[in-house]
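Working notes, beginning with the structure itself.
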Amino acid sequence: MPNKLQIIKRQNSALHELNEIAAISDINPKETLRKALEIGKKYFGLEFGIVSHIVGEDYTVDVQSSPTETLFDGQLFVLGSTYCKTTIEIDDVLAITDVTKSKYVGHPCHRDFNLVSYIGAPIRVNSKVYGTINFSSAQARHLEYDKIDDEFMKLLSRWAGSFLERQFVVNEFSLEKQKFEMIFENNGSGTLLIDNSCQILMVNKRFCEIIGFSKSELVGQNAIIYYLDELSYQTARDKISKTDKSSYINMEHQLKRKDGKLIWCKFIGSQIELAKDSTTMIWSILDITIQKEMQEKLEKQATTDFLTELYNRRYFTSRLEEEVSKMKRDKTTRTSLLIFDLDKFKHVNDTLGHLTGDVVLKEFANILKKDLRKTDIVGRIGGEEFAMILPNTDAKHATILANRIREEVCNKTINIDNKNINFTVSIGLTTIMHDDINSDTAFARADTALYKAKENGRNRVEEYDKSYSSLPL
């Protein structure tokens, strides 16, 4: 028989092995428990080792270590047919060296499964009985179980309970993580997670579809990768930095896809704290390119003349009102207003038809567009009447431009159905004044100058003069 020192050494060796397998992170939980059962089998010198889960009268073999083709994981037994029923009832270690020489002789576990020796203890998880950890054999054990064996069995049950508790926490966390990843990945809108330095942490498949990059091309990169330019990127960062952390941020940006195509996206985001002292932005992104194009189309229809694609009278007048208001605030600037009227245009319509007249109007509009600066505003304000606003332009320079347009029109020949058509334009000019009440007064002066140009023989430019005030408008 082994002496006490040998028993303690054997127990310490078993404990050391348990600690070693608990520290290994790359084996799955079942295999960790199976290794613990093998340690217990070796310690007790028995054939079978089981971690069971007991619910009512159902006894399920969670994990087993046993001879080939005897037991398997997930096997179900009736609790009453096992020694573990008694283990649960006494809520303590049950040790049977030889069932034939014990009070448990005739037990169903011996009768049905021929198990002669057994030792087991309840496993508690979160203070509730989960099942048992037990070892058994078809042969009687040579040594009687003693207090040291009981203590080691209790230690094994506590170890198994603690391991299962940790595993349930890990599993619960893993399940929540899987749920989050599933929701994140399958969200119908693009979803994006970036840190406070604008590094991309996570993207879902919808955002990849929107922007044309793969996940591997995006994760770890700076968010500037999908912005149109440095300015739009910096504008977005500035808005985020100025927004209260508890508020949602709503932005619209034009982005650049991997293939170079420009798209419009709506960003709705909020700041979250995934780690201490680390702010992360989570964004929901919608591709609104079609809506933007439709909006732009509707805005263009509302502000543009259909035939010439210049601004219509309503929009042109609103822009002229803005210039009048600007002049009242800044009396040092000069803005000029030109009004154009095609000479004898009614004759063109009457003799050549309205379709030809439309061609003439479009050709004239093209001439006006060609001479525009980015700040200039031009519109069709009547049938054959057009107008142009020239910001930061005095009368002298406006007259030079007006004469250049007049000469180009005069030298223009349009061929329609083998007929050469020439036409001319009369132009009235005025500068907007700081004491203009509204756009109507500026229009009236330019219109008066136009009347003078017509009166003086057409195909000419006239600048408004106060002496014209007696002329009919």
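The values are calculated or read from the model by the stated rules, or taken from the named source; none is laboratory data. Given the structure is predicted, the values throughout are model-derived calculations rather than measurements. Backbone-built Cβ (ideal geometry, glycine too); neighbour counts: all protein chains shown.
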Matching entry among Glu252, Glu273 (being of a type outside the set (Phe, Trp, Tyr), more than 30 Å from Lys362 (Cα to Cα), without any contact (Cβ under 8 Å) to a residue 12 or more places away in the chain and assigned to a strand (DSSP E or B)): Glu273
Test: Gly212 is surrounded by 11 or more Cβ atoms within 10 Å (Cβ to Cβ), in contact (Cβ under 8 Å) with a residue 40 or more places away in the chain and at positive phi: yes
Filter result for the condition that a residue is at pLDDT 90 or above and of a type in the set (D, E, K, R), over Glu209, Glu176, Glu181: Glu209
Residue match in the range 23-43 (condition: over 48 Å from the mean Cα position of the chain (by Cα), at pLDDT below 90 and among the hydrophobic types (A, V, I, L, M, F, W, C)): no
Unmet criterion (only one of (1) in the same structural domain as Glu230 (by TED's automatic domain parsing); (2) surrounded by fewer than 16 Cβ atoms within 10 Å (Cβ to Cβ); (3) closer than 28 Å to Asp229 by Cβ) for Lys266: (2)
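Conditions tested, residue by residue: (1) out of contact with any Phe, Trp or Tyr (no Cβ under 7 Å at 6 or more places or on another chain); (2) without any contact (Cβ under 8 Å) to a residue 12 or more places away in the chain; (3) farther than 21 Å from Glu38 by Cβ.
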| position | (1), (2), (3) |
| --- | --- |
| Val55 | yes, yes, yes |
| Asp73 | yes, no, no |
| Phe77 | no, no, yes |
| Ile88 | yes, no, yes |
| Tyr104 | yes, no, yes |
| His110 | yes, yes, yes |
| Asn114 | yes, no, yes |
| Gly120 | no, no, no |
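For the range 383-406: of the residues being more than 48 Å from the chain's Cα centre (by Cα) and under 20 Å from Thr303 (Cα atoms), which is surrounded by the most Cβ atoms within 10 Å (Cβ to Cβ)?
Here the answer is Glu384.
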Close pairs from the range 173-192: first charged (D, E, K, R), partner modelled with pLDDT under 80 and in a loop (DSSP other than H, G, I, E, B), Cβ under 9 Å, at least 6 apart: none
Tally, over the range 307-338, of residues that are in a helix (DSSP H, G or I) and more than 16 Å from Arg380 (Cβ to Cβ): 9
Qualifying helices (runs of 4 or more DSSP H) (wholly inside the range 339-434; at least 1 residues being over 23 Å from Arg319 (Cβ atoms), touching a residue at least 24 places away in the same chain (Cβ under 8 Å) and not assigned by TED's automatic domain parsing to the domain that holds Glu463): none
Criterion violated by His16 - all others in (1) within 24 Å of His107 (Cβ to Cβ); (2) part of a helix (DSSP H, G or I) satisfied: (1)
Residue ID - farthest from Ile50 (Cα to Cα), chosen from residues in the range 70-103 that are surrounded by fewer than 17 Cβ atoms within 10 Å (Cβ to Cβ) and touching a helix residue (DSSP H, G or I) at 6+ places or on another chain (Cβ under 8 Å): Thr100
The range 271-292, subset loosely packed, with under 12 Cβ neighbours inside 10 Å and either of a type in the set (Ser, Thr, Tyr) or at pLDDT 90 or above (or both), residue nearest to Asn222 (Cα to Cα): Ser278
Residue count, the range 319-345 (criterion: in contact with a helix residue (DSSP H, G or I) (Cβ under 9 Å, 6 or more places away or on another chain) and more than 15 Å from Pro391 (Cβ to Cβ)): 6
Selection within the range 226-247 - within 15 Å of Trp264 (Cα to Cα) and either in contact with a Phe, Trp or Tyr (Cβ under 8 Å, 6 or more places away or on another chain) or in a loop (DSSP other than H, G, I, E, B) (or both): Tyr226, Tyr227, Leu228, Asp229, Tyr233, Ala236
Test: residue in the range 407-416 that is within 14 Å of Phe386 (Cβ to Cβ), buried (at least 21 other Cβ atoms within 10 Å of the Cβ) and out of contact with any Cys (no Cβ under 7 Å at 6 or more places or on another chain): yes
Selection count, the range 138-160, where residues are modelled with pLDDT of 90 or more and in contact with a Pro (Cβ under 9 Å, 6 or more places away or on another chain): 1
